[in-house]
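For reference, the structure discussed in these notes is given below.
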Amino acid sequence: MTEVIGRDDLLLLTLDTLRYDVAVELAAAGRLPTLSAHLPEGRWQRRHAPGSFTYASHQAIFAGFLPTPAAPGPHPRLFAARFAGSETTAEGTFVFDEPDLVTALAGRGYHTVCIGGVGFFNKQGALGSVLPGLFAESHWEPEFSVASPTSFEAQVACAEQAVAALPDEQRIFLFLNASALHQPNWFHLPGATRAAGDSRETHAAALEYIDTQVGRLFEVMRSRRRCFAIVCSDHGTAYGDDGYTGHRLGHESVWTVPYSHFFLEPSP
Ligand SMILES: [Zn+2]
């Protein structure tokens, strides 16, 4: 990352609430053509979330603690705030003195943009302003929210506008929190009803919806120069697994998340 920072644009896309098992099943079944084309070897990495719900996980991610590979470590990190005794800061780790990655990137010439999705990014009230407040520019509209069936395409359109507004030479760090997978998500499955509610199947349909739109986001992010992209979930969620429903709890379906990073080479 020491070579990437300052050279490339950066994209952090959190697919909020996406379960690892659903992501893997859909990729294996060929139901995620766009995402799979970018994942190294077409596969998601299995990782452990740094928090069990959005606020905790994103605070950790912005502090440099991305989801951890789900195997015994230590695992070197891409980004790390400087502190004595860190055993996962390695050669190549981008080490910063600021308290969070967003502020650190701003200090190295990046324009930082937040496109919010779930409630912790809605800027309505003090708590919903904490995470967007880290960024130079932040956006949230009701159309980006969990209740919108067209949330991701609206968020991607916002990203296209944010990139277009910048001078070509300006490096950008764009963070987008996709809300489509977070409950409610039943409306992404054709024929599903509000009464039947959310399920693993409607969760899968929401991920397929993301895949139909994410190519536009990748295109705009590679339109000016090479872009280093991180795509991951912040936590999973339970649909009755062992009796659990939802997240902010300690269950395999919540702690295990899909992760990937890759380069988006500049468009010709
Ligand atoms: Zn979340």
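Readers should treat all values here as calculations from the given coordinates under stated rules, not as data from a laboratory. All values reported here derive from a predicted model rather than from experimental measurement. Backbone-built Cβ (ideal geometry, glycine too); neighbour counts: all protein chains shown.
Using θ = phi - 60° in the Karplus curve 6.51 cos²θ - 1.76 cosθ + 1.60, the 3J(HN,Hα) couplings for the range 114-123 round to 10, 10, x, x, 6, x, 5, 10, 7, 6 Hz; x is entered for Gly and Pro.
Share of antiparallel DSSP beta bridges in the range 9-264, in percent to the nearest 5?
40
Over the chain, DSSP H runs of length four or greater, each weighted -39,500 (n - 2.57), average out per residue to a 222 nm ellipticity of -8000 deg cm²/dmol.
Within the chain, helices built from complete DSSP H runs that reach 24 Å or longer along their own axis (Cα positions) and carry a mean Kyte-Doolittle hydropathy of -1.0 or higher are 200-221. Each of 133, 32, 233 was scored by the projection of its Cα onto the charge dipole of the chain, and the greatest displacement toward the positive side belongs to 133; charges sit on the C-beta of Lys, Arg, Asp and Glu. Computed 3J(HN,Hα) for the range 13-19, one whole-Hz value per residue from the Karplus formula 6.51 cos²θ - 1.76 cosθ + 1.60 where θ = phi - 60°, is 10, 9, 8, 4, 6, 5, 7, glycine and proline marked x. When 153, 3, 25 are arranged by Cβ crowding within 10 Å, least crowded first, meaning fewest neighbours, the order is 3, 25, 153. Which one of 99, 89, 60 is farthest out on the positive end of the charge dipole of the range 1-116, using unit charges on Cβ (Lys, Arg +1; Asp, Glu -1) and the Cα centre as origin? Highest projection toward the positive end goes to 60.
Contact order normalised by length for the range 9-264, with contacts defined as Cα pairs under 8 Å and 6 or more residues apart; what percent is it? The partial results should precede the final answer.
Working: 534 pairs, mean separation 81.9, N = 256.
Computed value for the range 9-264: 32 percent relative contact order.
The charge dipole of the range 9-264, taken about its Cα centre with unit charges on the Cβ atoms of Lys, Arg (+1), Asp and Glu (-1) only, comes to about 240 debye.
Which of the peptides 222-231, 241-250 is most tightly packed, and how do the rest follow, judged by the mean count of other Cβ atoms within 10 Å per residue? Mind showing how you got there, number by number?
On the way: 222-231: 19.3, 241-250: 13.9.
Result, highest mean first: 222-231, 241-250.
Please state the shape class of the range 186-268: rounded when a/c is under 1.5, otherwise prolate if a/b exceeds b/c and oblate if not, all from the C-alpha gyration tensor. Oblate is the answer for the range 186-268, as a/c is 1.5 or above yet b/c matches or exceeds a/b.
Amide H contacts for residue 12 (H built 1.01 Å from N in the peptide plane; partners 5 or more residues away or on another chain; cut-off under 5 Å): 174, 175, 176, 230. 3J(HN,Hα) along the range 234-245, derived from phi through the Karplus expression 6.51 cos²θ - 1.76 cosθ + 1.60 where θ = phi - 60°, amounts to 8, 5, x, 7, 9, 10, x, 4, 6, x, 8, 9 Hz, with x in place of Gly and Pro.
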